[in-house]
Amino acid sequence: MNILLVEDDPRLSALIRRGLEEEQFEVTVAADGQLGQQLALTQPFDLIILDIILPHRSGLEVLAAIRGQDTQVPVLLLTALGTTTDKLQGFGGGADDYLVKPFDFAELVARVRALTRRGSAAQPKGSRLTFADVVLDIPSRTVTRAGQALRLTTREFNLLELLMHHPGRVLSRGEIAEQGWDESFDAGSNVIDVYVSYLRKKVDHGFATKLIHTVTGAGYVLRQE
């Protein structure tokens, strides 16, 4: 697994790099946002660990550039900015996970493994889910609706996949947190609500038939109405 670490603190980046290499990951380090963006857009990585406050270009700008070109590579934001607003901004920009400094290295490794495992998990050939005019292809990580390609982040894809595995069933926020996010996710936050909103805009916007619905006090459901 090849990881890009974009971090401007040389001491911290050295510690992270050494620790991840001991866990059998290959790590490339960029000390500023401009170099990080260049590497992210020109070289293949299995995961990108990205600080937000960076010289030359912020992590959120780098994230936007990454998502503009490749919506599949998992991105973990590793930053000192830890408010709910900061986290929602990061997730809204397309981040797959968010870890606040200072952090426990064991937790970082657990999240890295969860993200890389999710991205590399072998899927049976031809695995495809269909609901109404939505087609979700698991091996290629692509989604279309009425033949139109939908550009989803990794987390949005996972959320839609979960809903499509349980059409017509109301999934509570707790179930979504348990099945669609890793064990470190804070189910008490409103990030799930925000993410469902992001997904709904991409799946339902511009279509007469809405598929993703909120059941007040219960959760969310995929159904035709």
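The values are calculated or read from the model by the stated rules, or taken from the named source; none is laboratory data. Values in this document were obtained by computation on a predicted structure and should not be read as measured data. FYI the Cβ positions are ideal-geometry reconstructions off the backbone, even for glycines, and counts take in every protein chain you see. Surface areas here come from the heavy atoms of the whole protein model, side chains and all, with no ligands, DNA or RNA. Shrake-Rupley method; radii C 1.70, N 1.55, O 1.52, S 1.80 Å.
Couple of notes before you dig in:
- Residue match in the stretch 6-25 (condition: of a type in the set (Val, Ile, Thr) and over 16 Å from residue 105 (Cβ atoms)): yes
- Leading residue by the ranking (modelled with the highest pLDDT) among those in the stretch 36-47 that are out of contact with any Leu (no Cβ under 8 Å at 6 or more places or on another chain) and open to solvent by 70 Å² or more (accessible area, probe 1.4 Å): 38
- In the stretch 13-26, the qualifying residues are those that are without any contact (Cβ under 8 Å) to a residue 24 or more places away in the chain and either under 24 Å from the mean Cα position of the chain (by Cα) or more than 22 Å from residue 54 (Cα to Cα) (or both), and the one that is surrounded by the fewest Cβ atoms within 10 Å (Cβ to Cβ) is 24.
- Residue 103 at pLDDT 90 or above, of a type in the set (A, V, I, L, M, F, W, C), more than 13 Å from the chain's Cα centre (by Cα) and within 30 Å of residue 209 (Cα to Cα): no
- Among residues of the stretch 167-207 being acidic (Asp, Glu) and part of a loop (DSSP other than H, G, I, E, B), the one that is modelled with the lowest pLDDT is 183.
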